[in-house]
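Asker: I'd like to ask you about the structure that follows.
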Amino acid sequence: MHELLQEAKKGGYGIPAPNVYNRFTIEAALQAADELNAPVILGCPGVFGIEEVGELARYYERKYPRVPFAVNLDHGGPFDHLIRAIRAGFSSVMVDRSTLPYEQNVAESKEIVKIAHAVGVSVEAELGHVGQGVEYEQTRDAGLTHPEEAVSFVEETGVDCLAVAVGTSHGAYKGTPHLEFELLETIAKSVDVPLVLHGGSGTGDDLIAKAIKCGIQKVNLWTDLSQASNMAVKEAIEADYAPDVDPDKKKISSWQYDMIGADGYKAALEHYMHVFGCVGKA
Ligand SMILES: [Zn+2]
């Protein structure tokens with residue numbers, strides 16, 4: 001992940017980091033990257049089976065040899081998740097200690113950097129806190145990243161990239177997203193490492209494109225891809241079970257719904273690859 005993000009920083013584009021959790025989402029993400037000649041970072045949430053994703057990634061690496069991709073543990077929480085991800089062959093882990101006091105965040109992130117770097121695995125950490133969209137208005141301001149802290153945090157921990165809080169949030173926004181571009185530019189000028197934007201979904205293409213111009217290299221995506229997948233399945237089910245459809249006609253089976261959902265996910269991801277400027281950057 002370190003290498004992909006360094007390239008993105010030089011090239012001035014962003015790399016999508018879609019959440020993946022099974023073979024359909026992993027293949028959809030790699031197909032999108034393959035078709036658009038783009039890099040991609042697969043973000044595995046620890047709760048969905050770290051070892052499975054590690055194995056699947058090795059399989060699909062052989063199936064899509066042209067795609068430059070990394071496998072990242074997203075929001076690494078428990079210590080055992082982080083170590084299991086490293087052992088499962090992930091190319092990077094995020095150690096998320098963003099709700100802890102600064103000193104504790106530094107100490108715990110630094111510990112993971114020491115372990116991960118010993119075996120060539122990159123580390124992302126978060127400073128400031130990107131909250132949840134349902135409480136956006138209440139939590140946004142308190143979580144913003146302080147530039148001076150970002151400088152000392154990167155120095156003290158040795159992380160490869162830093163997730164910053166500049167006004168985005170996870171999940172659907174309750175309220176209108178507004179981003180702190182000046183703050184982002186200040187942070188980008190102050191630290192050498194690539195910067196990560198969590199909560200890309202629902203933020204809007206224009207705001208994300210501007211954030212990338214201001215110094216973001218990795219954008220995490222989940223909710224929008226999940227919604228696109230759900231909508232594709234919903235449409236297919238509605239068409240298949242419409243009252244005028246002959247009941248004797250064979251219904252679409254569940255594995256086909258998985259693929260229909262994956263196609264919706266892939267289309268939404270491809271849209272973002274265009275927005276992020278990473279098409280043709282593989
Ligand atoms: Zn996140």
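The values are calculated or read from the model by the stated rules, or taken from the named source; none is laboratory data. What you are looking at is a predicted structure, and each value in this text was computed from that prediction instead of being measured. With ideal geometry, Cβ positions are generated from the backbone for all residues, glycine too; neighbour counts draw on all protein chains shown. Ligands, DNA and RNA are excluded from the accessible area calculation, which covers all protein heavy atoms including side chains. Shrake-Rupley method; radii C 1.70, N 1.55, O 1.52, S 1.80 Å.
Asker: Being within 24 Å of Glu149 (Cα to Cα) and either β-branched (Val, Ile, Thr) or open to solvent by 10 Å² or more (accessible area, probe 1.4 Å) (or both) narrows it down to one of Asp34, Asp80, Asp74, so name that one.
Answerer: Going through Asp34, Asp80, Asp74 in turn, just one is within 24 Å of Glu149 (Cα to Cα) and either β-branched (Val, Ile, Thr) or open to solvent by 10 Å² or more (accessible area, probe 1.4 Å) (or both): Asp74.
Asker: Something else: Of the residues Asp224, Asp206, which is without any contact (Cβ under 8 Å) to a residue 12 or more places away in the chain and under 20 Å from the mean Cα position of the chain (by Cα)?
Answerer: On the way: Asp224 fails: without any contact (Cβ under 8 Å) to a residue 12 or more places away in the chain.
From the options Asp224, Asp206, the qualifying one is Asp206.
Asker: Name the residue that is nearest to the chain's Cα centre (by Cα), counting only residues in region 89-106 that are within 13 Å of the ligand (Cβ to nearest atom) and in a strand (DSSP E or B).
Answerer: Keep residues of region 89-106 that are within 13 Å of the ligand (Cβ to nearest atom), which gives 94-96, 98-99.
With in a strand (DSSP E or B) added as a condition, the list becomes 94-95.
Values: Met94: 10, Val95: 14 Å.
Residue satisfying both the conditions and the ranking: Met94.
Asker: Could you run through region 144-180 and say how many residues are crowded, with 19+ Cβ neighbours inside 10 Å, within 15 Å of the ligand (Cβ to nearest atom) and within 19 Å of His75 (Cα to Cα)?
Answerer: 11
Asker: Is there a residue being among the hydroxyl-bearing types (Ser, Thr, Tyr), in contact (Cβ under 8 Å) with a residue 24 or more places away in the chain and in contact with a strand residue (DSSP E or B) (Cβ under 6 Å, 6 or more places away or on another chain) anywhere in region 138-149?
Answerer: yes
Asker: Regarding Lys251, is this residue open to solvent by 20 Å² or more (accessible area, probe 1.4 Å), under 23 Å from Gly171 (Cβ atoms) and without any contact (Cβ under 8 Å) to a residue 12 or more places away in the chain?
Answerer: For Lys251, the condition - open to solvent by 20 Å² or more (accessible area, probe 1.4 Å), under 23 Å from Gly171 (Cβ atoms) and without any contact (Cβ under 8 Å) to a residue 12 or more places away in the chain - is not met.
Asker: Same structure again: Within region 52-59, identify whether any single residue is among the hydroxyl-bearing types (Ser, Thr, Tyr) and open to solvent by less than 50 Å² (accessible area, probe 1.4 Å), and answer yes or no.
Answerer: no
Asker: Here's another thing I want to ask about it. Regarding region 41-51, can at least one residue be identified that is of a type in the set (Asp, Glu), over 25 Å from Asp224 (Cα atoms) and open to solvent by 30 Å² or more (accessible area, probe 1.4 Å)? Step through it out loud before you land on a result.
Answerer: Here is the first cut: in region 41-51, the residues of a type in the set (Asp, Glu) are 51.
Filter once more, so that each one left must be over 25 Å from Asp224 (Cα atoms): 51.
In the following step, the residues that additionally are open to solvent by 30 Å² or more (accessible area, probe 1.4 Å) were identified as 51.
Yes - at least one qualifying residue is present in region 41-51.
Asker: Please enumerate the residues belonging to region 107-126 that are farther than 17 Å from Gly89 by Cα and either under 22 Å from the mean Cα position of the chain (by Cα) or hydroxyl-bearing (Ser, Thr, Tyr) (or both).
Answerer: Those that are farther than 17 Å from Gly89 by Cα and either under 22 Å from the mean Cα position of the chain (by Cα) or hydroxyl-bearing (Ser, Thr, Tyr) (or both): Glu108, Ser109, Lys110, Ala125, Glu126.
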